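Chemist: I'd like to ask you about the structure that follows.
The values are calculated or read from the model by the stated rules, or taken from the named source; none is laboratory data. All values derive from a computational prediction rather than experimental measurement. Here Cβ is always computed from backbone atoms with ideal geometry, including for glycine, and neighbour counts include all displayed protein chains.
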Amino acid sequence: MNNNMSAQEARVKWSLVAIGIAGLSATPAVAQEGDGGVVREARPSKSVEDVLREEHTLFDNRFSIEPSINYSYSDRSKLALRGFLALDAIFLGELNLDGVETHITTFDLNMRYGFSNRLELGVTIPFVYRSTTYQSIGDDLSTERESEVNVDEAALGDISATLSYRLLPETPTRPDVVISAGVRAPTGKDPYGIGLREDDNTNLIVPTELPTGNGVWAATTSVSLLKTLDPAIVFGSLGYTYNFEESFDDISASSGDQPGDVDLGDSIQVGFGTAFALNERLSLALSYSHEHIRKSEITSNGSTSKVIDSDANVGVFNIGGTYALNDSTSIVTNLGIGLTDDASDISLTFRMPFQL
């Protein structure tokens, strides 16, 4: 009987050990510290954290510095007719093909600090270098000669700050919801009152300098959603930008000061996409963003008028990826392809977030 009891006790002990081992292997999201006491859940992989940082907001109670460089290129051609139509069939005058090539390189210094797992502050300081080439057929009134002038500018851009708050954390049935509010200061070179010049022996008139900012204060608000659908992450956002009306001593490109008020058109932004954490360090994201900008208005000498061709629709398809070098540093790339006439033809961004 003692032998039977010993055998039964041994079977019970081995069963308990097996159950304990199975229980430990079935809970990989739980981490232990000290003498084996459970204290917290394990952090997500670094690739998932990078997706959260780039497409949403990562509230991790850490200070991060994110230098970045963005290059965008656009090429616009416009047929210019200077004359009149005779007998409804014959055009008398000048026929010019004008082209504008724009290169914009922006160096950004982004700083973020998470006060808690719900509140984060971000500040962006941009430095802008612009180079624009103006081309026109008709140099010296000849249809066989082309004139070309290049104008460039390098200066500080508009500094912005954004405060983000996690309204609802993600659950198995609900996405993570974050609301944000921000402000943009007119620290860059404004585009108003810039003079024009004409090169010798050409029919091409170009600005004397280029702007690096909008020249007005702006307030932004947005809401973003993110849901983890293993192995994918889906996200979307909706935002609105309000530009405050501003007075300037000169809003005309002609000689002499012409004071007036400028009311830039407000804009609404929408975006959506999906991302995949390919492994512990590498992720890939595909997204689309669209911005609709309303017409601007100017007030001068007591009369208000809308600025022709100041409204825009900017649609961009984005292909992005992140690679974690280590637990505190990542490399982020993004390629933007313009899908509308008002968007840049191509935009390329490199970022390197450092977490301290």
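Chemist: Take residues that are hydroxyl-bearing (Ser, Thr, Tyr) and tell me which of the strands (runs of 3 or more DSSP E) falling wholly in region 175-241 contain 1 or more.
Modeler: Output list reads 176-184, 218-229.
Chemist: Follow-up. Which of the residues spanning region 156-174 are part of a strand (DSSP E or B), in contact with a Ser or Thr (Cβ under 8 Å, 6 or more places away or on another chain) and farther than 18 Å from residue 60 by Cβ?
Modeler: 156, 160, 161
Chemist: Okay, next question. Would you point out the residue of region 56-102, among those that are assigned to a strand (DSSP E or B) and among the basic types (Lys, Arg), that is modelled with the lowest pLDDT?
Modeler: Checked region 56-102; the qualifying residue modelled with the lowest pLDDT is 82.
Chemist: Being in a loop (DSSP other than H, G, I, E, B) and among the charged types (D, E, K, R) is the filter here, so list the residues in region 289-313 that pass it.
Modeler: Within region 289-313, 294, 295, 309, 311 qualify.
Chemist: In addition: State whether one or more residues within region 310-318 are more than 20 Å from the chain's Cα centre (by Cα) and touching a residue at least 24 places away in the same chain (Cβ under 8 Å).
Modeler: Yes, region 310-318 contains at least one residue that is more than 20 Å from the chain's Cα centre (by Cα) and touching a residue at least 24 places away in the same chain (Cβ under 8 Å).
Chemist: Taking region 250-287, which residues are touching a residue at least 40 places away in the same chain (Cβ under 8 Å) and within 19 Å of residue 317 (Cβ to Cβ)?
Modeler: 269, 273, 274, 275, 276, 283, 285, 287
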